[in-house]
Amino acid sequence: MLRPLTDAFDPAAYPDLLVGMDNADDAAVWQIDANRALVVTTDFFTPVVDDPYDYGAIAAANSISDVYAMGGIPALALNIAALPPNLPDTILTEIFRGGAEKARNPSTGWWSSVLLIPSTS
């Protein structure tokens with residue numbers, strides 16, 4: 001899906017970007033200093049189960065596994081969702097709760113959520 005954008009960014013202009021859009025991979029990797037790199041990923045997909053809590057947990061586990069796949073250690077989790085405006089708040093709450101509980105461990109914090117709700121007008 002992002003393949004058409006690969007020509008928009010010149011990898012040579014970003015020498016600290018170790019893994020970017022020029023490679024089809026699980027995450028982007030940015031060199032912070034000589035010993036550390038930041039692994040960044042996000043996933044956006046439709047529910048694969050009917051239970052909102054389970055869906056949130058599965059979505060979080062998928063993103064966390066992408067960080068591990070890149071050799072990283074999860075340290076921070078951000079949540080993103082796009083939901084119809086008429087969806088009950090309880091569903092969103094359960095999705096985010098499932099994700100937060102899946103991500104909860106001594107090294108990962110759940111710090112932010114982004115919610116996209118399409119306009120009804």
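For ILE80, only one of the following conditions fails: (1) surrounded by fewer than 19 Cβ atoms within 10 Å (Cβ to Cβ); (2) not in a strand (DSSP E or B). What is its number?
Only one criterion in (1) surrounded by fewer than 19 Cβ atoms within 10 Å (Cβ to Cβ); (2) not in a strand (DSSP E or B) is unmet by ILE80, namely (2).
Out of ASP26, ASP33, ASP22, which single residue is closer than 25 Å to GLU101 by Cβ, in a loop (DSSP other than H, G, I, E, B) and not assigned by TED's automatic domain parsing to the domain that holds ALA100?
Result: ASP26 is the single residue among ASP26, ASP33, ASP22 that is closer than 25 Å to GLU101 by Cβ, in a loop (DSSP other than H, G, I, E, B) and not assigned by TED's automatic domain parsing to the domain that holds ALA100.
Could you look through region 67-121, keep only residues that are modelled with pLDDT of 80 or more and polar (S, T, N, Q), and pick out the one that is farthest from VAL40 (Cα to Cα)?
That would be ASN86.
Where the second residue is surrounded by 18 or more Cβ atoms within 10 Å (Cβ to Cβ) and part of a loop (DSSP other than H, G, I, E, B) and the first is without any contact (Cβ under 8 Å) to a residue 24 or more places away in the chain and lies in region 51-70, which pairs have Cβ atoms under 6 Å and are six or more apart or on separate chains?
The qualifying pairs are SER63/THR41.
Quick one: is VAL67 assigned to a helix (DSSP H, G or I) and over 23 Å from LEU92 (Cβ atoms)?
yes
For region 83-99, which positions are charged (D, E, K, R) and buried (at least 17 other Cβ atoms within 10 Å of the Cβ)?
Scanning region 83-99 gives a single hit, GLU94.
For residues that are at pLDDT 80 or above and either of a type in the set (Val, Ile, Thr) or under 19 Å from ALA77 (Cβ atoms) (or both), tally how many sit in region 7-40.
11
The values are calculated or read from the model by the stated rules, or taken from the named source; none is laboratory data. Values in this document were obtained by computation on a predicted structure and should not be read as measured data. Don't worry about glycine lacking a Cβ; one is built from the backbone with ideal geometry, like all the others, and counts go over all protein chains shown.
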